[in-house]
Amino acid sequence: MRLRNWTAVLVSVLLLAAAGTIGILVNRSALRAADAVHRADSQALAVNNGTLTRQLKLLSASELNDFATEHVLHLGRNSATDRQALNTLVAKSATFAYGALLTDFQGNVLNASRTDGLPPATDPGWASLRTGLAAGQPGFSSVMTVDGVALEAVAVPVMVGGSPAGILIGLDAVASTSLQQYLLTLKDSTHSTNVVDAGGVIGATDDAAKLGTKVDPAIRAVLATAPRSGIFVEYTAGGTPMIATVVGGLPGGWSYIRIQSKSSFDGAVHTKSQTLNLTLLAIMLIGVAAIFILGYRTMLQRRRNDERFQALFQHAPDLVTVLDDKGKIAYSSPSASTVLGFEAGQLVGTTVFDIVHPDDRPYMIHHFSALLAERDAVVRLQCRVRPAAGEWRWFEFTASNQMHNPALTGVVINARDISQTRAFQEQLAHEAAHDALTGLPNRRRMQDALDASLRDDAVAVLFVDLDGFKPVNDAHGHEAGDELLRQVSHRLSSCVRENDVLARVGGDEFVVLMPGVLDETDTAAMCARIRSAIETPFLIDGNEVVIGASVGVHLAPHSCDPDEALRAADHAMYTIKKSRTAVAAVAAGPARAGRHRAEP
């Protein structure tokens, strides 16, 4: 009897040991899969944010380049005309409100919008800017501090006759940049977000008190080699283990950095995993003395672990789902109720493709099939998903093939709502192709539309230049001029047809594209509508303002060169403006001839 008891105890202990070992192995496997997905997600998020930061910096350089292209700069030392142009740039720019200057290639200042508060030419922060310019790219400086103000400089070459003749530099106070305001808006207590220069000096952060300080030496050591795909850096700060995601390759040697404690990065899954392992070991030791008590405690512990696991995923911001090989949902975390609005368990047994947008469904099915064909494969993609409320939202999916994993036996999907990020990306794309003042397509967008239209059909190109706009600016100020341009764009928009393209291509210059039009009668009618709309008095700040418009027309045939078509319309407009100016000059008596920008 005693032998049978010992045998029973021994068998029970062996079975318990086997069960405990299997539990530990399954727990470790699930933890590795969760770690892999979590690290991949964190790295992808950091790379995405680094890309957005890169686009914001390039947009600031594009603003300078557009200004240098649209204005004639004399590049003479202390030129009054150049100083006025620089003051105009500073007054209108939301980025370079601190100041702007013109220099030669040796760094000597030729002109500036301000006389003080400029970084000295010997400041080492200029080095990265000069390196970028030497490589034929826009230049971005490191952070430079002048009179307690942290500054960044952005530079583009000033082209004269097709060759660089000087450098246009815009200065922005890093504490007031749009990037800094964006990071403050997204501040989160679980992590710190920083954008640093090549020396590790913080130029944008979600903690304004850190501006101008340096990041940890462990991070600074990898800045020069950090790739655009991002790397993880683990270090200790003040006795606390930390982890940073570093995305390099930004213009001027800048980098995007996301920092948080190692414990918050790993999350509660690691803590609960360690607790579970220790509990299993304790259960195996206790089973030698009391197998029946062990059974009860094992059952109790499993129930508690399930409750903790459910509580963890109930409040997680991401949706975790397990699919079978047909795409049916075998498990959906409780967070589906908060993320998608579905009741707990409502999605189980349905196919995930039912809630995917019909336009995205073939794309999802293709990648799902490819994922099943490769063991341990990981796929990241974005698609639209319909929540319970019925409004389509953008989600980013990270899918891992765990069909071979006995603890999961399915495809593990981590889904994150990225609708706000997508909206921000679309906003950036819209701002890059549209005029900030009027909301109309800009020159680049218009040229793309003209090129595409000419490949399919003939296009009538109308070049509109406002007559009498400069006196309005001189008499009433630039704000009144801006308001006049906005009202002009509104009136022109009411003149064009549905398929026509209206764009603002310069200060007071607009272009209308009429695809499929080769009849001068149609263009004449359009010109008449435009002139009538512009010549009707405007009400600006309580003052009645009267201006006119010169409209040049070119009927571009199919497959015509877009640049040639635009130049022809510009020349036609200039001919009309010159003839009207000549008639006015004869009526007014002898006067000094003016000069249009298109004159040779």
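The values are calculated or read from the model by the stated rules, or taken from the named source; none is laboratory data. Predicted model only: the values in this text are computed from it and were never measured. Glycine also receives a Cβ, built like all others from the backbone with ideal geometry; neighbour counts cover every protein chain displayed. Quick note on the areas: whole protein, heavy atoms, side chains included, nothing else; ligands and nucleic acids left out. Shrake-Rupley method; radii C 1.70, N 1.55, O 1.52, S 1.80 Å.
Every residue, every condition in (1) among the hydroxyl-bearing types (S, T, Y); (2) in contact (Cβ under 8 Å) with a residue 12 or more places away in the chain; (3) part of a helix (DSSP H, G or I); (4) in contact with an Asp or Glu (Cβ under 7 Å, 6 or more places away or on another chain), yes or no:
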{"position": "T521", "(1), (2), (3), (4)": "yes, no, yes, no"}
{"position": "A528", "(1), (2), (3), (4)": "no, no, yes, no"}
{"position": "A533", "(1), (2), (3), (4)": "no, yes, yes, no"}
{"position": "V551", "(1), (2), (3), (4)": "no, yes, no, no"}
{"position": "H554", "(1), (2), (3), (4)": "no, yes, no, no"}
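When every residue of the stretch 384-391 is checked against the conditions, at least one turns out to be under 30 Å from D325 (Cβ atoms), surrounded by fewer than 20 Cβ atoms within 10 Å (Cβ to Cβ) and free of Cβ contacts under 8 Å to residues at least 12 places away in the same chain.
Here G349 meets each of (1) open to solvent by less than 60 Å² (accessible area, probe 1.4 Å); (2) modelled with pLDDT under 80 with one exception, condition (2). The set of residues in the stretch 271-292 that are surrounded by 14 or more Cβ atoms within 10 Å (Cβ to Cβ), modelled with pLDDT under 70 and small (G, A, S) comprises S273, G287.
Residues L513, L566: which one is in contact with a Ser or Thr (Cβ under 7 Å, 6 or more places away or on another chain) and modelled with pLDDT of 90 or more? Residue meeting the stated conditions: L513. Kindly list the number of the only condition in (1) open to solvent by 70 Å² or more (accessible area, probe 1.4 Å); (2) in contact (Cβ under 8 Å) with a residue 24 or more places away in the chain; (3) more than 18 Å from A432 (Cα to Cα); (4) not in a helix (DSSP H, G or I) that fails for A94. That leaves (3) as the condition not met.
Restrict the check to the stretch 435-451 and report whether at least one residue is open to solvent by 30 Å² or more (accessible area, probe 1.4 Å), in contact (Cβ under 8 Å) with a residue 24 or more places away in the chain, more than 19 Å from E509 (Cα to Cα) and of a type outside the set (F, W, Y). Yes, that holds for at least one residue. Name the residue that is nearest to C560 (Cα to Cα), counting only residues in the stretch 419-466 that are assigned to a helix (DSSP H, G or I) and among the polar types (S, T, N, Q). Checking each candidate, the answer is S453. Taking the stretch 80-91 as the range and being among the small types (G, A, S) and without any contact (Cβ under 8 Å) to a residue 40 or more places away in the chain as the test, the residues that pass are A80, A85. Consider the stretch 194-217 and keep the residues that are in contact with a Phe, Trp or Tyr (Cβ under 9 Å, 6 or more places away or on another chain) and open to solvent by 10 Å² or more (accessible area, probe 1.4 Å). The one that is nearest to S141 (Cα to Cα) is A198.
Quick grid of which residues meet (1) in contact with a strand residue (DSSP E or B) (Cβ under 8 Å, 6 or more places away or on another chain); (2) at pLDDT 90 or above:
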site	(1), (2)
D35	no, no
A46	yes, yes
S62	no, yes
T88	no, yes
Y98	yes, yes
G107	no, no
L110	yes, yes
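Pull up the stretch 164-193, narrow it to residues that are in contact with a helix residue (DSSP H, G or I) (Cβ under 6 Å, 6 or more places away or on another chain), farther than 20 Å from S255 by Cβ and of a type outside the set (A, V, I, L, M), then point me to the one that is surrounded by the most Cβ atoms within 10 Å (Cβ to Cβ). The extreme case among them is G170. Scanning the stretch 217-247 for residues that are in a loop (DSSP other than H, G, I, E, B), in contact (Cβ under 8 Å) with a residue 40 or more places away in the chain and touching a strand residue (DSSP E or B) at 6+ places or on another chain (Cβ under 6 Å) yields a count of 1. In the stretch 481-519, the residue that is surrounded by the fewest Cβ atoms within 10 Å (Cβ to Cβ) out of those that are part of a strand (DSSP E or B) and in contact (Cβ under 8 Å) with a residue 60 or more places away in the chain is P515. Of the set (1) under 25 Å from T53 (Cα atoms); (2) open to solvent by less than 20 Å² (accessible area, probe 1.4 Å); (3) part of a loop (DSSP other than H, G, I, E, B), all apply to A415 but (3). Give the residue, chosen from D172, D206, that is among the acidic types (D, E), under 25 Å from S62 (Cβ atoms) and touching a strand residue (DSSP E or B) at 6+ places or on another chain (Cβ under 8 Å). Just a single option satisfies the conditions, and that option is D172. Within the stretch 186-195, being at pLDDT below 90 and of a type in the set (V, I, T) holds for one residue alone: T190.
Only one entry in R443, R422, R455 is among the charged types (D, E, K, R) and within 17 Å of A503 (Cα to Cα), namely R443.
Against the definition (open to solvent by less than 70 Å² (accessible area, probe 1.4 Å) and more than 21 Å from A40 (Cα to Cα)), how does I355 come out, yes or no?
In short, yes.
Would you mind stating whether I202 is part of a strand (DSSP E or B) and either closer than 20 Å to L129 by Cα or of a type in the set (G, A, S) (or both)? Against the criterion (part of a strand (DSSP E or B) and either closer than 20 Å to L129 by Cα or of a type in the set (G, A, S) (or both)), I202 qualifies.
Is one or more of the residues making up the stretch 242-260 open to solvent by 50 Å² or more (accessible area, probe 1.4 Å), charged (D, E, K, R) and within 29 Å of N27 (Cα to Cα)? No, because not a single residue in the stretch 242-260 is open to solvent by 50 Å² or more (accessible area, probe 1.4 Å), charged (D, E, K, R) and within 29 Å of N27 (Cα to Cα). Applying a threshold of 7 Å to beta carbon distances and a minimum spacing of six or more residues, or different chains, the list of pairs starting in the stretch 321-335 at a residue that is farther than 10 Å from G410 by Cβ and ending at one that is in a loop (DSSP other than H, G, I, E, B) and open to solvent by less than 20 Å² (accessible area, probe 1.4 Å) reads S332/L347.
Take the stretch 392-405 and flag every residue that is in a loop (DSSP other than H, G, I, E, B) and either at pLDDT below 85 or open to solvent by less than 60 Å² (accessible area, probe 1.4 Å) (or both).
Residues of the stretch 392-405 in a loop (DSSP other than H, G, I, E, B): 392, 403-405.
Within the stretch 392-405, just N405 meets the criteria.
Have a look at R28, R54, R32, R77 and point out the one that is open to solvent by 60 Å² or more (accessible area, probe 1.4 Å), touching a residue at least 12 places away in the same chain (Cβ under 8 Å) and over 30 Å from G166 (Cα atoms). Every option except R28 fails the conditions.
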